[in-house]
Amino acid sequence: MNAPLTPFENVFAVLHALTNLPDALRKTTEEWMEETGKTLAAWEKQFAEGMAEYDRVETEAFQVLTRGGWLGMERHLTGPQVRSVLEIAQRSGDDAANRAISRYFAEDDWKLVTSMSEEWLDIPYFNAREPIVRDAIEAHRSGKYTVSVPALLPLVDGLAAEIVNIHDRPDVVKIVARTWKAQEQERWTQLYVDVVIDVMYTRVDFTQKSPYLNRHFILHGRTPDYATDLTSLRVILLLDSVAYLWRLKQKTP
């Protein structure tokens, strides 16, 4: 009984058979293989061009979100919604895009905001401060941003201190941002670092105009015009992002 062919011998046998095909059949086979190769090359080119276009659009969308200070959108917006924000910015400017984001979260009496704040209360730090959280969110829903912004901003520092277990330094929010950046090299992470470190918690000159949101200008009483729906929503999303990082740490050995 003949021994079974090895895989190499099988391949060799197929190639040998192809070389011994009648000329007409071999020519047809070669033409088919050539056409298939061309088709695959065309598909590969189209795929590469599609990926390049997707990357360009995503980069521009991230730039709009970064300029607006919108954190955590990876958890609250779908890909098509993010691209819609970009289209609005391209068509009508960043202010219109910022307003569109605010309207999205304001739907059904700020249902999304209320829901995320309820989830915060599962965190011991927030649970111990439940009256502050509830009063601040109610103030936001009622348009009392002079109350919601200064009530929630200190909680960002407090929860960040819990994450890194450092309670004697004022820069714990920046430490959390840098730690996350060191662990994850993602666009969303870079957006968070750029907004938190370079805008919201950057050192400032109080003689200059405040950025759209800066912790020092607000809590040191140096700006009178922070009380807007956009600023309040940005603070809520900042706090929600820190809450996300707190939960992430609980899952990490």
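The values are calculated or read from the model by the stated rules, or taken from the named source; none is laboratory data. Given the structure is predicted, the values throughout are model-derived calculations rather than measurements. Positions of Cβ are backbone-derived with ideal geometry, glycine not excepted, and every protein chain shown enters the neighbour counts.
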**OP:** Please go through the stretch 93-120 and pick out each residue that is polar (S, T, N, Q) and surrounded by 15 or more Cβ atoms within 10 Å (Cβ to Cβ).
**Re:** ASN98, SER102, THR114, SER117
Original post:
Out of (1) under 23 Å from the mean Cα position of the chain (by Cα); (2) touching a residue at least 60 places away in the same chain (Cβ under 8 Å), what's the single condition that is false for VAL172?
Top reply: (2)
Subject >> Selection within the stretch 50-83 - small (Gly, Ala, Ser), modelled with pLDDT of 95 or more and either touching a strand residue (DSSP E or B) at 6+ places or on another chain (Cβ under 8 Å) or in a helix (DSSP H, G or I) (or both) >> reply: GLY68
Original post:
Which residue pairs have Cβ atoms under 6 Å apart, sit 6 or more places apart or on different chains, and have a first residue in the stretch 204-217 that is at pLDDT 90 or above and a second that is assigned to a loop (DSSP other than H, G, I, E, B) and among the polar types (S, T, N, Q)?
Top reply: VAL204/ASN214; SER210/THR223; PHE217/SER210; PHE217/THR223
**OP:** Output the number of residues of the stretch 238-253 satisfying the condition of being in contact with a helix residue (DSSP H, G or I) (Cβ under 8 Å, 6 or more places away or on another chain) and modelled with pLDDT of 95 or more.
**Re:** 9
